[in-house]
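Structure record follows, encoded as structure tokens.
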Amino acid sequence: MRMNEQPQHNDLPHPQQGQPKGSQPLYKADTPGSSTFSGYDLAATTTPVSEGGAQLTAPQPATNVPHVDLNWDASEYIHHSKSPLWFLGLVVTMLALLAIAYFLTHSWTFIILVVVMAVAIGVFATRPPRTLHYALTDTAIQVDNTSYHYNDFRTFGIINDGALYSVMLIPTKRFMPAVSMYFAEEDGEKIVDILGARLPMEELHLDAIDRLMRRLRF
């Protein structure tokens, strides 16, 4: 600016002054658009991605697979061949019980019970034993598809049952039946060592019913 020139008035309106009517503003801010951000979804899980773009799978927890100490296959029970004389004795016994029920007690309930028992004994006597799979693991005793925890029993014992040996497990519950597992003689020492590390061993004997069943070759 030269020295003799007079300062020119700035015709631009002051920011605080209003715009003249009908005039366009020098600067008009664009209207902000609506944001598409809806916040972080804390419940959603994302799959981690490596630098190459491949998805990384999270490590899966290892399943607790029980360790099998010993397993073997053995018969469900000792099967005795039944002669015709054996079945004749069964029929005579059942007829005697039916006579007692009819002439002495006159109880039809007892008569029906005797008939059902005769049929059940006849079917069970002719049914061949199954071959079961036994296993002793670090946590349980498995008999085919049934698993028992060691805490379900209070003691065990070995019984010599003729040609085979069996281990009998005495349960802690009062009305739970004992569990018997037949095994070959060469596996007896291993079975006693495994069970003896978890349960006390006692000398067990057959009760009167078991002795009677063996005398009857049942």
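Here is a check on your reading of the model: is I78 over 21 Å from the mean Cα position of the chain (by Cα) and part of a loop (DSSP other than H, G, I, E, B)?
Taking the combined requirement at face value, the residue satisfies it.
Just wondering, is there one or more residues in region 171-179 that are of a type in the set (G, A, S), surrounded by 15 or more Cβ atoms within 10 Å (Cβ to Cβ) and under 15 Å from E202 (Cα atoms)?
No, the conditions are met nowhere in region 171-179.
For the subset of region 122-150 comprising residues that are in contact (Cβ under 8 Å) with a residue 40 or more places away in the chain, of a type in the set (A, V, I, L, M) and under 25 Å from S81 (Cα atoms), which member is surrounded by the fewest Cβ atoms within 10 Å (Cβ to Cβ)?
Among them, the one singled out is A125.
I need a count of the residues in region 82-99 that are assigned to a loop (DSSP other than H, G, I, E, B) and either free of Cβ contacts under 8 Å to residues at least 24 places away in the same chain or in contact with a Phe, Trp or Tyr (Cβ under 8 Å, 6 or more places away or on another chain) (or both).
Looking only at that region, the number is 1.
Does V167 meet the test of being free of Cβ contacts under 8 Å to residues at least 60 places away in the same chain and over 30 Å from K190 (Cβ atoms)?
Answer is no for this residue.
Being farther than 14 Å from F183 by Cβ and in a loop (DSSP other than H, G, I, E, B) narrows it down to one residue among V65, V114, V119; which is it?
Being farther than 14 Å from F183 by Cβ and in a loop (DSSP other than H, G, I, E, B) holds for just one of V65, V114, V119, which is V65.
Quick note: the coordinates plus some simple rules give every number you see, no bench work behind them. Bear in mind the structure is a predicted one, so any value in this text is a computation, not a measurement. Note that each Cβ is placed from the backbone with ideal geometry, even for glycine, and that neighbours are counted across all protein chains shown.
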